[in-house]
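Below: one structure, written as structure tokens.
The values are calculated or read from the model by the stated rules, or taken from the named source; none is laboratory data. Just so you know, these numbers come straight off a predicted model, no measurement behind them. We place every Cβ from the backbone using ideal geometry, glycine too, and count neighbours over all the protein chains shown. These accessible areas exclude ligands, DNA and RNA; they are computed on the full protein's heavy atoms, side chains included. Shrake-Rupley method; radii C 1.70, N 1.55, O 1.52, S 1.80 Å.
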Amino acid sequence: MFHVPSLGNIFSVWLLITIGIVSFGSLGLVIASVTNTMQETQVLNQLLWLPLIFLSGATIPFMFLSNAVRHIALFLPATYLVHGLKRAIVDHAAPTALLVVLLSLTVWFILTLFLSSQLFRWEPEAKIGRKAKLYVAATAIPFFLLGLWEAKYGRVIAEENTTIQRLDAAEKAEKEKAQQPPKPATETPKAPAPGKH
């Protein structure tokens, strides 16, 4: 329907989607644990989700972002999820080739789940103190470290460049193929009519 020739490595895609759902779901639990009102929850959601959506390559292709924004995006968990999905689909990357992405999201899931369990309140009237809200910053630790490492070595940016070049080359080849005139059909000699020599 969408002219997608292949879904890549299906197991890697499934694994990334599963770990992505539980990881970002656990971040939602942390947000719900530290906010006291619905309005506070909505403000915090917007502050967190908009950068995750727009800077990760999910809505705007990663390589179309400016160099400075790309380096900021290296500190966001959604960047690694989107990058991993792209590699699994376009490059057919196996889970072993996506270990950094899978491990970082798994560590983040464990950390956010632990923090949300520590901040959980049975009584909605129980208020969370301002100091407890600083625990949310602790959820950024794995991606802060990973972002520093990626900013130094540039692995994600290099892989994104390679993927874009491969996609551009494939698109160019497809266009050239479509623009070629069709080959003329070879005519088969007609058999003589019966009775005529």
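Please give the direction-averaged projected area of the C-alpha convex hull for region 1-42, in square nanometres with one decimal.
Mean orientational projected area (region 1-42, Cα hull): 4.6 nm².
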On the formula 1/(1 + (r/R0)^6), with r taken between the Cβ atoms of Ile53 and Ser117 and R0 of 41 Å, the FRET efficiency rounded to 0.05 is 0.95
Once both label points are put 7 Å beyond Cα along the C-beta direction, the Ala151-Thr96 separation in nm becomes 3.3
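Normalised by the residues of the chain, what does the relative contact order come to in percent, with Cα pairs under 8 Å and at least six apart?
Relative contact order, the chain: 30 percent.
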Carbon plus sulfur, as percent of the 1.4 Å-probe accessible area of the chain, comes to 69
Over the Cα atoms of region 1-144 the radius of gyration and the largest Cα-Cα distance (Dmax), both in Å, equal 16.8, 53
Out of Ala73, Ala93, Pro181 - ranked by how far each Cα lies towards the positive end of the dipole of the chain, with unit charges on the beta-carbon of charged residues - the top one is Pro181
So Ile60 and Gln46, fully extended at 0.36 nm per residue minus their Cα-Cα distance, gain in nm 3.3 nm
Heavy-atom accessible area per residue of region 79-119, all protein chains kept, 1.4 Å probe, expressed in Å², is 42
Given chymotrypsin sites (Phe, Trp or Tyr not before Pro), DSSP loops and at most 14 other Cβ atoms within 10 Å, the longest exposed-site-free stretch of the chain is 3-119
